[in-house]
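Chemist: Let me begin by handing over the structure; questions about it come next.
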Amino acid sequence: MTVKKVIDCLGEVEVPIEVLYAAQTARAINNFPISGQRMPVNFIRALLLAKWAAAEANAELTLLEQPTAAAIGAAVEQLLADPNMMQHFPIDIFQTGSATSSNMNANEVLSTLVSATLGEQVDANDVINMGQSSNDIIPSTIHISALLALEHSLFPALALLVETIQTKALQVDDVVKTGRTHLMDAMPVRMSQVLDGWASQIEQCIAMIQALRDPLSALGQGGTAVGTGVNTHSAFGPVFCDKLTALTLVKFRPADNLFSRMGSHDTAVALSGQLKTLAVAIMKISNDLRWMNSGPLAGLAEIALQPLQPGSSIMPGKVNPVIPEAACMVAAQVMGNDTVITIAGQSGNFELNVMQPVIACNLLHSIEILSNVSRLLADNAIASFTVNQTKLAESLSHNPILVTALTPRVGYALAAKIVKQADDQGRSIIDVAEALTPLSRDELTRLLDPKRLTYGGLTQD
């Protein structure tokens, strides 16, 4: 590998001749050979957009020549269009806690491209990083990348999931099944009621995440080193947000207090908590699907999920609920990511949080995998499952808990006696009830009708 020697404030460093980055990136590569995991691509894209917005803001404030700002914008566009963009951003997630290494990585790459365009050296610190510090650009980028990921990925995926559940609920509205509490037989429910419950869970999660849109849009840009705005124009923050809004078509604004957005990551912690809540809902739905699909002979076998792949390397014909299982693992991972973000959020010491790279990584990872698995659940599990009407009807017909419908007429004690005698004698509830109560066969048939019971109320008229 051919190398060139470049110099920074610490001295000389060797850098591969073909790369776009320079000394500080090379030092970070050498200093942090830890995980082999790079910062998320959505984070890097958001950081580049922030650099573009900063250049345009500085140009509008007459601090940067317009041709230079235009060249920075063109360099960002070039990188964003490059399918191999991440080769220029090789720094490990586990790096300096302010993510200064990633900030300088972006500065150096843009410096190389802009210098080539303009035919003169454009400094990474003085020009590309003008009016910025890692201490405000990285917290801002966490917010920017998270909000863009929500708008472009998670919200559309969750909207699809809700729509799919609601559509399926309409299709199975006439299907009555045994309800279950404590995993034990309970009163009957319509399958549409089960699915509408799922949809409501997801809708509630969407509402709680959407409530964080405004806090996420509030950026600490303009605070520079410690929140005071040293070495930047007093109007830089508002102009930066205007430029970023124009570039992304998502509204951003300056935070009311820049110190809070630099010394803490409370909004990221809050978002992670809501993503964890979504993970809990997805795990509940996935486990319901797994239980209802269990069998096909010795389980509940109420539904059949779409067969997607052979389920066993040794048992021919076995098919497993692979999408719900994957969704449960996603949910577990999101819960783990939330723990990391919670701990990292506590590392705001005085004017700077020093665990920002793992906050960014875990937050974006949670959004990405929740988005992907929500689409898979919608398309490959919920939309395509079929109902085993025969099995459902058989279970309902033998469900002793239906006697609950008689308790307003005969009392709890007699209803319990009916269940016990039916069980001891192997007889049906309706036969025993006809013998032990003054209710007619027709009235018992009406009172014990499973579908009527799904509408609730004291009377079944």
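Chemist: Please enumerate the residues belonging to the stretch 417-435 that are part of a helix (DSSP H, G or I), free of Cβ contacts under 8 Å to residues at least 24 places away in the same chain and over 21 Å from V189 (Cα atoms).
Modeler: If the condition is that a residue be part of a helix (DSSP H, G or I), free of Cβ contacts under 8 Å to residues at least 24 places away in the same chain and over 21 Å from V189 (Cα atoms), then K417, I418, K420, Q421, A422, D423, D424, Q425, D431, V432, E434, A435 are the ones that fit.
Chemist: Mind listing whichever residues of the stretch 286-311 are polar (S, T, N, Q) and part of a loop (DSSP other than H, G, I, E, B)?
Modeler: If the condition is that a residue be polar (S, T, N, Q) and part of a loop (DSSP other than H, G, I, E, B), then S294, Q306, Q309 are the ones that fit.
Chemist: Further question: Applying the selection to the stretch 436-451, what residues are without any contact (Cβ under 8 Å) to a residue 24 or more places away in the chain and among the basic types (K, R)?
Modeler: The answer is R441, R446.
Chemist: Does the stretch 246-263 contain at least one residue that is of a type in the set (S, T, Y), in contact with a Pro (Cβ under 9 Å, 6 or more places away or on another chain), in contact (Cβ under 8 Å) with a residue 40 or more places away in the chain and closer than 24 Å to H365 by Cα?
Modeler: No - not one qualifying residue is present in the stretch 246-263.
Chemist: Can you tell which of A54, A106, A59, A75 is buried (at least 24 other Cβ atoms within 10 Å of the Cβ) and touching a Ser or Thr at 6+ places or on another chain (Cβ under 8 Å)?
Modeler: Testing whether each residue is buried (at least 24 other Cβ atoms within 10 Å of the Cβ) and touching a Ser or Thr at 6+ places or on another chain (Cβ under 8 Å) leaves just A75.
Chemist: Modelled with pLDDT of 95 or more, part of a helix (DSSP H, G or I) and closer than 20 Å to A28 by Cβ, is that true of A75?
Modeler: no
Chemist: Given D256, D242, D338, which one is under 28 Å from L48 (Cα atoms), buried (at least 22 other Cβ atoms within 10 Å of the Cβ) and at pLDDT 95 or above?
Modeler: D338
Chemist: Kindly indicate whether L444 is assigned to a helix (DSSP H, G or I) and either aliphatic (A, V, I, L, M) or at pLDDT 95 or above (or both).
Modeler: Against the criterion (assigned to a helix (DSSP H, G or I) and either aliphatic (A, V, I, L, M) or at pLDDT 95 or above (or both)), L444 qualifies.
Chemist: Quick one: in the stretch 347-398, of everything that is small (G, A, S) and under 14 Å from the mean Cα position of the chain (by Cα), which residue is surrounded by the fewest Cβ atoms within 10 Å (Cβ to Cβ)?
Modeler: Here the residue is S371.
Chemist: Cβ contacts < 7 Å: first residue farther than 26 Å from P296 by Cα, restricted to the stretch 312-338; second residue polar (S, T, N, Q) and modelled with pLDDT of 95 or more, any location; separation 6+ or different chain. Result?
Modeler: V334/S366; N337/S272; N337/N362; N337/S366; D338/S272
Chemist: Picking from S115, S101, which residue would you name as being in contact (Cβ under 8 Å) with a residue 60 or more places away in the chain, assigned by TED's automatic domain parsing to the domain that holds Y21 and in a helix (DSSP H, G or I)?
Modeler: S101
Chemist: Have a look at L414, L439 and point out the one that is among the aliphatic types (A, V, I, L, M), more than 27 Å from V172 (Cα to Cα), modelled with pLDDT of 95 or more and assigned to a helix (DSSP H, G or I).
Modeler: L414
Chemist: Being hydrophobic (A, V, I, L, M, F, W, C), part of a helix (DSSP H, G or I) and touching a helix residue (DSSP H, G or I) at 6+ places or on another chain (Cβ under 9 Å) is the requirement here; does F259 meet it?
Modeler: Taking the combined requirement at face value, the residue does not satisfy it.
The values are calculated or read from the model by the stated rules, or taken from the named source; none is laboratory data. These numbers come from a predicted model, not from an experiment. Because the Cβ atoms are built from the backbone with ideal geometry, glycine has one as well, and the counts that use them run over all protein chains shown.
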